[in-house]
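Have a look at the structure below, then the notes.
Each value in this text was obtained by applying a stated rule to the coordinates, not by laboratory testing. None of the values given here were measured: they were computed from a predicted structure. As a convention, Cβ positions derive from the backbone with ideal geometry for all residues, glycine included, and neighbour counts pool all protein chains shown.
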Amino acid sequence: MGVENVIIIGGACAGLTAAIYTSRANLKPVCIEGFQAGGQLMLTTEVENYPGFPEGIMGPDLMQLFRKQAERFGTRFVTKDVTSVNFKKTPFEIYVDKECYKTKAVIIATGASANLLGIPNEERLMGRGVSTCATCDGFFFKDQHVVVAGGGDSAMEEASFLTKHASKVTVIHRRDTLRASKIMQDRAFKNKKIEFIWNSTVTEVLGDKEVTGIKIKNLQTGKEGELKCDGFFLAIGHTPNTKIFKNQLELLDNEYLKVLNHTRTSREGIFAAGDVQDHHYKQAVTAAGSGCMAALDAEKYLETVK
């Protein structure tokens, strides 16, 4: 097997956009998209905030269009997971089981995974009332009652945002105080649409075809009950998919990849795009934008190496 110009690890918004740009630059990219290609959008029903689709589009359909476009320009796809990497020498080595791919440049677009509670029906009803993104799905809960699980800044942001659409937002938190910053707490406490249930956790999502309610357990008394609601939003953080890059590239304290000068990682020739390095915006359109940036940066880098 020869040495590739560029290998893209990850096949969702960022990775597929990078594939489109690098293939149009005639770099003949290989995209190792993984078994869970498409990323978090594969769990989203309707996407209404991606430009160019005024009627909205299903998340999986949008990812299929991205992939077709990359394929059209000559991207080669490997639908397997990367098992390990060796970035400490060049050409860089990427292993898929026992198979080794060598490349001059790498674009990492492995994304981040929303943290889940691991409770019954949580995954089954994902996209049917269960969501991990208020800005993506809040619109669908106009004048309805939704529940947010979490107590940090992201949970307060989600709850505050959801009040723009929902008639009522109930925040359920494991403790009796929030972990969120004071400014975010104050904003939530002042919002008349937000109420709190303390020292409690959600133990089950209820509903057949869509969410109809949740089961709650009080962690101090052990008492259990049910709460009717139309939507359930998880805001307990995201975990970047960076496990295989530890000891290979520099990570931030929160385990996201550290980038310098837009998309370059701590090692020259290796770039990162999308949610694997973005712990702030976490949107499909920003992931696609950084995929474009990484592709352009990789193209410029490859002009300097033989």
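Legend: calculated FRET efficiency, D186 to E55, from the Cβ-Cβ distance at R0 = 45 Å, rounded to 0.05, equals 0.70. In the chain, the longest principal axis of the Cα atoms and the axis of helix 59-72 are about 10 degrees apart. Straight-distance candidates among the aspartates and glutamates for linking to K246, with alpha-carbon spacing under 14 Å and chain neighbours fewer than 8 residues away dropped: E255.
Positive-end ranking of T239, Q220, L257 along the dipole of segment 217-257, with charges on Cβ about the Cα centre, is headed by Q220. For the chain, averaging the sequence separation of C-alpha pairs within contact (under 8 Å, six or more residues apart) and dividing by the residue count gives a relative contact order of 21 percent. Compared with the dominant principal axis of the Cα atoms in the chain, helix 153-162 is inclined by about 70°. At a Cβ-Cβ separation cutoff of 4.7 angstrom, cysteine residues of the chain with no neighbouring cysteine are C13, C31, C100, C229, C292. Backbone phi angles across segment 244-255, fed through the Karplus curve with coefficients 6.51, -1.76 and 1.60 (θ = phi - 60°), yield HN-Hα couplings of 6, 9, 4, 6, 10, 9, 6, 10, 6, 4, 8, 6 Hz in residue order; Gly and Pro are listed as x. Give me log10 I(q)/I(0) at q = 0.11, 0.12, 0.15 Å⁻¹ for the chain, Debye formula, one equal scatterer per alpha-carbon, no solvent. Evaluating at q = 0.11, 0.12, 0.15 Å⁻¹ gives log10 I(q)/I(0) of -0.70, -0.81, -1.10.
The C-alpha atoms of the chain define a longest principal axis, and helix 13-24 lies at about 20 degrees to it.
Take every pair of alpha-carbon atoms less than 8 Å apart whose residues are at least six positions apart; their mean separation over the length of segment 116-234 yields a relative contact order of 31 percent.
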